[in-house]
Amino acid sequence: MSGLEDLYREIILDHYRNPRNQGELETPPAVMAEGFNPLCGDEVTVHIHVEDGVIVDMKFGGHGCSISLASASMMTTVTTGKSLSEAKDIIYSFKQMMSIHEGRLEEGSEETGSPMAGLGDLQALQGVVKFPVRIKCATLGWNTLEQCFEELDSQ
Amino acid sequence: MSFDVSVVKKDFPLLSREENGEPLIYLDSAATSQKPQKVLDVIDSYYREINANVHRGAYRLAEQATTAMEEAREKVSSFIKSDRSEEIIFTKNATESMNLVARSWGESNLNEGDVVLVSSLEHHANIVPWHQLAESRGIEVRWIPLTESGLFDLTDLDRLLDGVKLVAVSGASNVLGTVPPVRMLADAAHNVGALCLVDASQYVPHRPTDLAELGCDFLAFTGHKMCGPTGIGVLWGRSELLESMPAFLGGGEMILDVTKEGFTTNTIPWKFEAGTPPIAEIVGLGAAVDYLESLGMENVLDHEKTLTSYALQTLSDRFGNDLVIHGPTDVSVRGGVLSMCYQDVHPHDVSQVLDSHGVCVRAGHHCAKPLMKLLDVNATVRASLYLYNDESDVDALADALEATGQFFSP
């Protein structure tokens, strides 16, 4: 079973079995976006309620694989309560982590200033990089969150 | 007479590959087939010994290349029991073959309000070209519904055929395994003055193909699903149709004459083969046909039927309601394509665990999104059987599925 433990870390399985912040918010005042992963049929919805530039509430929903749902669940716990600019920084760091070549995985984890620092539990998704086909699953919720931000900007 | 699958397996070098000491269990032949050494040798020796451009060369090497290519055409022609090799057109894959019919025949024969009848289980290659014609020429795309078990529901066939100019269906489904009654549909099409096109990508590699029996007017299939290389597809068409159709791609080879004012087209099949053909791939396809003929397609079919029965039985015995296998259960109307949903584990996760056990399957919509919607799923896990698979492969699949269950719901 080589490699499976790299991908499906305990915390990921936990978020998959016990998703946090699953559901919807009333729109308005919340905004909503839907994301799709055409490769395997994952679909994720994200609702966010922003007041005075702070994400006061966030919910996610949809149908998808364990990686897409766990990642979305973890996203809601990490970004709720943050300001829009803090949330955008976290998204950026997360995507940086997802784009690290698997050969460089060992280098980065302990350095400060590297993408992984400050991501906390999200670091568990690091292993996804070894399975490139699943990267789109891990980033789906995050891309959908960015769509929410665009929705807000256009209002 | 049947073949010995343990001997057949050894013909395929990739199948003896191991990962972490475990053998590769290849169950994705519906996506692409593995290649026997004989096919690899022929492609290699083509480039080493007789490579030259075809049809024009004035030297012996070019004649040898041309002969090798046209001999392969004859082989493909006999393989599907066509008696006119000029009815065999080489394309790059079945998708291109379908598009050739849509553009070349469709654009000059279909007008606003004309109906193309497809089925609800089609691959996108037999859907999108017709949607394109709907956009450009205002045709209507109509759908044959399916029964609960994935067979064609033809109770309303007369109404379905109203206004139809082309019936375009799969010879065998790449998701459900369903083998529709093509002959009946071809006859019904002809009765209303329509033509019949068959997407035979999952048919020709798996069972004896006889054009007279099928009764269709166009047949599309692809080399890489029948032990041949990628990059080579086939369109068979009735010569009177091909002769009446305008050319598809324009360029060299497909012309007789070109002036500053215009051009005249070559005779069939070359009218539809613009540019330098994939010569090595064509020769490789010829070698694949030789290999399949040496096994005998009746034997290939028998083996697959038996193995599919074993798979359906084994999976049902071991998993019961935990494993839903879509499509018909009767192996006389279904091929060895098994699309499955396991408990509530997402297909992507199932295929990940299976991969860690060396079992290669596909997860996704299999280029059949309208069918997925009908089945009310976003994706399925698909295992597909071919002539080099045996019961131990099915057992390995079952073992890996069990491991999946343990992993996600311990």
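The values are calculated or read from the model by the stated rules, or taken from the named source; none is laboratory data. All values derive from a computational prediction rather than experimental measurement. Here Cβ is always computed from backbone atoms with ideal geometry, including for glycine, and neighbour counts include all displayed protein chains.
For the range A:11-22, the criterion of a residue being away from every other protein chain (no Cβ under 14 Å), assigned to a strand (DSSP E or B) and more than 26 Å from B:Asp349 (Cα to Cα) is satisfied by no position.
Filtered by the rule that a residue be buried (at least 23 other Cβ atoms within 10 Å of the Cβ) and either closer than 15 Å to B:Ala30 by Cα or not assigned by TED's automatic domain parsing to the domain that holds B:Asp393 (or both), the range B:344-361 gives B:Val359, B:Val361. Residues in the range A:102-140 that are part of a helix (DSSP H, G or I), away from chain B (no Cβ under 14 Å) and either surrounded by fewer than 16 Cβ atoms within 10 Å (Cβ to Cβ) or at pLDDT below 85 (or both): A:Glu102, A:Gly103, A:Arg104, A:Leu105, A:Glu106, A:Glu107, A:Gly108, A:Gly120, A:Asp121.
Exactly one residue among B:Asp390, B:Asp355, B:Asp395, B:Asp349 is more than 10 Å from chain A (Cβ to nearest Cβ) and either at pLDDT below 95 or more than 23 Å from the chain's Cα centre (by Cα) (or both), and that residue is B:Asp395. Based on this model, can you work out whether B:Ala368 counts as more than 26 Å from the chain's Cα centre (by Cα) and within 13 Å of chain A (Cβ to nearest Cβ)? Criteria not met by B:Ala368.
With buried (at least 21 other Cβ atoms within 10 Å of the Cβ), within 14 Å of chain B (Cβ to nearest Cβ) and more than 16 Å from the chain's Cα centre (by Cα) as the only criterion, which of A:Gly41, A:Gly35, A:Gly3 stands out?
None of the others qualify; the one that does is A:Gly41.
State yes or no: is B:Trp270 surrounded by fewer than 21 Cβ atoms within 10 Å (Cβ to Cβ) and aromatic (Phe, Trp, Tyr)? It is true that B:Trp270 is surrounded by fewer than 21 Cβ atoms within 10 Å (Cβ to Cβ) and aromatic (Phe, Trp, Tyr). In the range B:164-186, how many are in a loop (DSSP other than H, G, I, E, B) and either of a type in the set (D, E, K, R) or at positive phi (or both)? The number of residues fulfilling the criteria is 1.
Would you check if B:His365 is modelled with pLDDT under 95 and either not assigned by TED's automatic domain parsing to the domain that holds B:Asp399 or not hydrophobic (A, V, I, L, M, F, W, C) (or both)? Against the criterion (modelled with pLDDT under 95 and either not assigned by TED's automatic domain parsing to the domain that holds B:Asp399 or not hydrophobic (A, V, I, L, M, F, W, C) (or both)), B:His365 qualifies. Among the conditions (1) on the phi < 0 side of the Ramachandran plot; (2) out of contact with any Pro (no Cβ under 8 Å at 6 or more places or on another chain), the only one that B:Met226 does not satisfy is (2).
Among the residues of the range B:15-36, those identified as farther than 24 Å from B:Ala94 by Cα and not in a strand (DSSP E or B) are B:Leu15, B:Ser16, B:Arg17, B:Asn20, B:Gly21, B:Leu24. Report yes if B:Val116 is closer than 20 Å to B:Met245 by Cα and either touching a residue at least 40 places away in the same chain (Cβ under 8 Å) or in contact with a Lys or Arg (Cβ under 9 Å, 6 or more places away or on another chain) (or both), otherwise no. Taking the combined requirement at face value, the residue satisfies it.
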